[in-house]
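The values are calculated or read from the model by the stated rules, or taken from the named source; none is laboratory data. Values in this document were obtained by computation on a predicted structure and should not be read as measured data. Every residue, glycine as well, gets a Cβ built from its backbone with ideal geometry; the counts of neighbours run over all protein chains shown.
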């Protein structure tokens, strides 16, 4: 069996190893232009020894924002700013995908254009909090998207995926996890629709499948991945096993580059989805309260996954693949600098001395 340090083919790319830098919001895209900050290129290049780098969540429209200072990819300025990031990652021979994230009902009016409110499949308030410029706030009741708005939202994903290619990204990942919009359509408690976008299993998966199909048609299926978090209740989600089995079976027919599973406590479900997926299976395992680390490299060797995704440990260890190969040591992540701020806790974590 291969190890996490062996190369792998993902879509049209040959990756140097099977270690993934997980998508992690850092909330450093300040100002009305919502461009990645001046140190973003250095941040991602420092971590480009990963076989695959996946960016923080990038909103496909202004109404999609769920947290302060998160970046977009809709304007020429945003495309140009992200181009500096992709050039930096490519300069050291790595591959980078842009994660496209619509927060849906996980948001707050203070984060959106004047007069706007968060949207979702149904007007159901999430029992969750979000960070805002005024501190943590409870989620508000979202406005349900109508058919025309659903079509427009899918078109936003397509447009931003095309922009990602212009900006030099090797592909995009659709964020269908962690309680955000695509996940909300899959959910039993966030999606109470009785039209063709909800109710039955086939209707419940329709938004995710239609979006993935449209994006794949625009930029090529080999450039598209999807992230899901089956069985994970984060952000007030309730899911069914049957929904995810149907979703994975249908997405698998599209020939996508990969499926990225942020696992919940239902290990049997994760393994069931692994068995149903025919291309690259990326796994961010359920390891809480500890971060994914050295103990989880066996997941590639034993066939549980083709690639393993590391979050907090990659945040604090820019040369994580080397540290994993050496068995450590590892820098300790500083939670106080996860979101917002500038270079401290962002680009100043040290690499191993030669």
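The table that follows gives values for the structure above.
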read-out: Counted residues, the stretch 255-266 - those being over 17 Å from the mean Cα position of the chain (by Cα) and either closer than 20 Å to residue 15 by Cβ or in a strand (DSSP E or B) (or both); value: 1
read-out: Which listed residue is over 16 Å from the mean Cα position of the chain (by Cα), closer than 23 Å to residue 309 by Cα and not in a loop (DSSP other than H, G, I, E, B), from 28, 45; value: 45
read-out: Subset of the stretch 64-85 (residues that are surrounded by fewer than 23 Cβ atoms within 10 Å (Cβ to Cβ) and in a helix (DSSP H, G or I)); value: 76, 77, 78, 79, 80, 83, 84
read-out: Single condition residue 48 does not satisfy, out of (1) touching a residue at least 12 places away in the same chain (Cβ under 8 Å); (2) out of contact with any strand residue (DSSP E or B) (no Cβ under 7 Å at 6 or more places or on another chain); (3) farther than 17 Å from residue 172 by Cα; value: (3)
read-out: Answer residue from the stretch 90-110, given it is without any contact (Cβ under 8 Å) to a residue 60 or more places away in the chain and surrounded by fewer than 24 Cβ atoms within 10 Å (Cβ to Cβ) and is nearest to residue 162 (Cα to Cα) among those; value: 91
read-out: Qualifying residues in the stretch 240-254 (those that are out of contact with any strand residue (DSSP E or B) (no Cβ under 9 Å at 6 or more places or on another chain) and assigned to a loop (DSSP other than H, G, I, E, B)) - the one surrounded by the most Cβ atoms within 10 Å (Cβ to Cβ); value: 240
read-out: Helices (runs of 4 or more DSSP H) within the stretch 127-221 that include 3 or more residues within 30 Å of residue 93 (Cα to Cα) and touching a residue at least 12 places away in the same chain (Cβ under 8 Å); value: 147-166, 206-219
read-out: The stretch 113-123, residues that are surrounded by 18 or more Cβ atoms within 10 Å (Cβ to Cβ) and assigned to a loop (DSSP other than H, G, I, E, B); value: 118, 121, 122
read-out: Residue in the stretch 315-336 that is farther than 21 Å from residue 45 by Cβ, surrounded by 12 or more Cβ atoms within 10 Å (Cβ to Cβ), in contact with a helix residue (DSSP H, G or I) (Cβ under 6 Å, 6 or more places away or on another chain) and touching a residue at least 40 places away in the same chain (Cβ under 8 Å) present; value: no
read-out: The stretch 33-42 - residue that is assigned to a loop (DSSP other than H, G, I, E, B) and modelled with pLDDT of 95 or more and, of those, surrounded by the most Cβ atoms within 10 Å (Cβ to Cβ); value: 36
read-out: Matching entry among 239, 252, 266 (being free of Cβ contacts under 8 Å to residues at least 40 places away in the same chain and closer than 30 Å to residue 142 by Cα); value: 266
read-out: Candidate set: the stretch 12-21, residues that are more than 12 Å from residue 282 (Cβ to Cβ) and touching a helix residue (DSSP H, G or I) at 6+ places or on another chain (Cβ under 8 Å); chosen: the one surrounded by the most Cβ atoms within 10 Å (Cβ to Cβ); value: 17
read-out: Qualifying position, being in a helix (DSSP H, G or I), farther than 15 Å from residue 43 by Cβ and touching a strand residue (DSSP E or B) at 6+ places or on another chain (Cβ under 7 Å), among 269, 273, 283; value: 273
read-out: Residues being in contact with a helix residue (DSSP H, G or I) (Cβ under 9 Å, 6 or more places away or on another chain) and exposed (fewer than 14 other Cβ atoms within 10 Å of the Cβ) - total across the stretch 124-133; value: 1
